[in-house]
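Written below as structure tokens is the structure these notes are about.
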Amino acid sequence: MTNPFLPVAEPEEAPEEIETDPILGDALEQTGLGAPRMARDIAPTPPVAPAPAITADTVWLVGASGGVGVSTLARLAGESVIDGGLHEPVWQAPVYVVAATHPAGLEAAAELARANARGDVSYDIRALLLVHDRPKLSRATVQLAKQVSGVYPRTMTIPFIPAWREPGTPEIPKSVRVQLVMAALAPKRKKKS
């Protein structure tokens, strides 16, 4: 006989199954080595980048936000193009601002343009280089990108290039647009044979 004054235990709901992740499988997390030891074992300390040789043809790429591909673009463009994340642009250096075409990247590019208008940057912004973050941009993204690009003296775009998001050494694709952007960054770039 059950007592009507005692609470009745609710049946336990079965937990939802977690989606399978390509790295962790069905697990929510993975434990392993402590972070300092793991970082040392997996990725040795990178060498300090030597100071770049600055010439009249040198331009800097400055990311409006992180992860926009500045290092990849600088590496592909050649020695006359410097990653502004590794070496800060010198006074009045010619700079191309690099931004991703997602809302945060576009807002960061707009903020950098505002900082430039206030005189808060010490370099000469020559252009905005928009890097598409996905194969097809929404209408809203295109509209926002057009608004942001309107406050820059010049704007160029790099289409979405899936290979640049994969491990390995990136290459300049045969895309005419990419070829022209690379030529604009480093007009005297030596062709690799």
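The values are calculated or read from the model by the stated rules, or taken from the named source; none is laboratory data. Just so it is clear, the model here is predicted, and its values are computed rather than measured. Glycine also receives a Cβ, built like all others from the backbone with ideal geometry; neighbour counts cover every protein chain displayed. Side chains included, ligands, DNA and RNA excluded: accessible areas come from the protein's heavy atoms. Shrake-Rupley method; radii C 1.70, N 1.55, O 1.52, S 1.80 Å.
Of all residues in the range 15-35, those that are in a loop (DSSP other than H, G, I, E, B), open to solvent by less than 90 Å² (accessible area, probe 1.4 Å) and at pLDDT 65 or above total 4. Within the range 131-169, the set of residues being open to solvent by less than 60 Å² (accessible area, probe 1.4 Å), over 16 Å from the mean Cα position of the chain (by Cα) and among the β-branched types (Val, Ile, Thr) comprises 141, 142, 148, 155.
Within the range 90-112, the set of residues being more than 19 Å from residue 72 (Cα to Cα) and either modelled with pLDDT under 95 or not aliphatic (A, V, I, L, M) (or both) comprises 90, 91, 92, 93, 103, 107, 111. Note on the range 103-147: residues that are among the acidic types (Asp, Glu) and in contact with a Pro (Cβ under 7 Å, 6 or more places away or on another chain) amount to 1.
Scanning the range 176-193 for residues that are modelled with pLDDT under 90 and over 19 Å from residue 61 (Cα atoms) gives 191, 192, 193. Does the range 57-75 include one or more residues that are open to solvent by 70 Å² or more (accessible area, probe 1.4 Å) and farther than 25 Å from residue 180 by Cα? Taking every residue of the range 57-75 in turn, none turns out to be open to solvent by 70 Å² or more (accessible area, probe 1.4 Å) and farther than 25 Å from residue 180 by Cα.
From the list 168, 150, exactly one residue is free of Cβ contacts under 8 Å to residues at least 12 places away in the same chain and closer than 13 Å to residue 72 by Cβ. Which is it?
Values: 150 fails: closer than 13 Å to residue 72 by Cβ.
Answer to the selection: 168.
For the range 85-120, residues that are open to solvent by 20 Å² or more (accessible area, probe 1.4 Å), of a type outside the set (A, V, I, L, M) and on the phi < 0 side of the Ramachandran plot total 13. Can you give me the number of residues within the range 59-94 that are in a strand (DSSP E or B), without any contact (Cβ under 8 Å) to a residue 40 or more places away in the chain and either closer than 18 Å to residue 171 by Cβ or within 15 Å of the chain's Cα centre (by Cα) (or both)? Adding up the residues that qualify gives 2.
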